[in-house]
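The values are calculated or read from the model by the stated rules, or taken from the named source; none is laboratory data. Keep in mind the model is a prediction, meaning the values are calculated, not measured. Here the Cβ is made from the backbone with ideal geometry for all residues, glycine too, and neighbour counts use every protein chain on show.
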Amino acid sequence: MTAAARRGSRRLLIVRHAKAGYPDGVLDHDRPLTERGERDAVALGRWMAAERLVPDVALVSTAVRASRTWELARAALTDADVKVHVGRRLYNAQADTVLEMLREHGGDVHTVAVFGHEPGLSTLARSLADAATSDPQEVAGLSDRFPTAGVVVMRQRDAWADIALQGLVLSRVVVPRT
């Protein structure tokens, strides 16, 4: 029996980057976090640590706003051994691309976090959520919008290689703020 199987269901954290600015002359990929975004990313990391939602693997977009959100959140996860995959494929990725990356990089770990962008992340969360077992209020709230620095927490029993649409339990949507 694997370590992940001994610990019960696997967890997926789908994280939208924190608030980014729109400076003149800066390409979308290079947009930095605002001051609020920096604070929110720190709050996100503290929340993850307090909730013991520490990823074994983090999939992170190469966009400055997403990688900086991960960097600031990661600082709060002391002593965590996180395997990080920074990928250009996650930059404004559609749900199917993120799903492929989960299958490729999830391996046999317990918790995977994805740091990326809208609209792909909320589409992914809605398409993965099993309507029969997910919290209907949380799913409905996600349908309205997925705010910056927001986190969708999902659970599944299957291996990451077997992740399937409508196969995960969406348990909550949280927006940690300072």
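What to note about this one:
- Among the conditions (1) modelled with pLDDT of 95 or more; (2) exposed (fewer than 15 other Cβ atoms within 10 Å of the Cβ); (3) not hydroxyl-bearing (Ser, Thr, Tyr), Ala80 misses just one, which is (1).
- For the range 152-161, a residue qualifies if it is part of a loop (DSSP other than H, G, I, E, B) and either on the phi > 0 side of the Ramachandran plot or surrounded by fewer than 15 Cβ atoms within 10 Å (Cβ to Cβ) (or both), and the qualifying residues are Arg157, Asp158.
- When the range 37-84 is limited to residues that are hydroxyl-bearing (Ser, Thr, Tyr) and in a loop (DSSP other than H, G, I, E, B), the one that is farthest from Ser9 (Cα to Cα) turns out to be Thr62.
- Comparison of Val60, Val109, Val54, Val114 shows that the only residue that is under 21 Å from Thr178 (Cα atoms) and crowded, with 17+ Cβ neighbours inside 10 Å is Val54.
- Among the residues of the range 92-105, at least one is in contact with a helix residue (DSSP H, G or I) (Cβ under 6 Å, 6 or more places away or on another chain) and in a loop (DSSP other than H, G, I, E, B).
- Residues located in the range 16-37, provided they are buried (at least 17 other Cβ atoms within 10 Å of the Cβ) and acidic (Asp, Glu): none
- Check on Val15, in contact (Cβ under 8 Å) with a residue 24 or more places away in the chain, in a strand (DSSP E or B) and more than 29 Å from Val139 (Cβ to Cβ): no
- For the range 107-125, the set of residues classified as farther than 14 Å from Phe146 by Cα and without any contact (Cβ under 8 Å) to a residue 60 or more places away in the chain consists of Gly107 only.
- Options Ala149, Ala164; residue that is surrounded by fewer than 16 Cβ atoms within 10 Å (Cβ to Cβ), among the small types (Gly, Ala, Ser) and either touching a Pro at 6+ places or on another chain (Cβ under 9 Å) or not in a strand (DSSP E or B) (or both): Ala164
- Candidate set from the range 167-178 (those that are in a loop (DSSP other than H, G, I, E, B) and touching a helix residue (DSSP H, G or I) at 6+ places or on another chain (Cβ under 7 Å)); member that is modelled with the lowest pLDDT: Thr178
- Restricting the range 106-124 to residues that are of a type in the set (S, T, N, Q) and outside any strand (DSSP E or B), the residue that is nearest to the chain's Cα centre (by Cα): Ser122
- Considered as a group, the residues in the range 133-146 that are in a loop (DSSP other than H, G, I, E, B) and at pLDDT below 90 include one that is farthest from the chain's Cα centre (by Cα), and that residue is Asp135.
- Residue within the range 118-140 that is surrounded by fewer than 15 Cβ atoms within 10 Å (Cβ to Cβ), within 29 Å of Leu33 (Cα to Cα) and not polar (S, T, N, Q) present: yes
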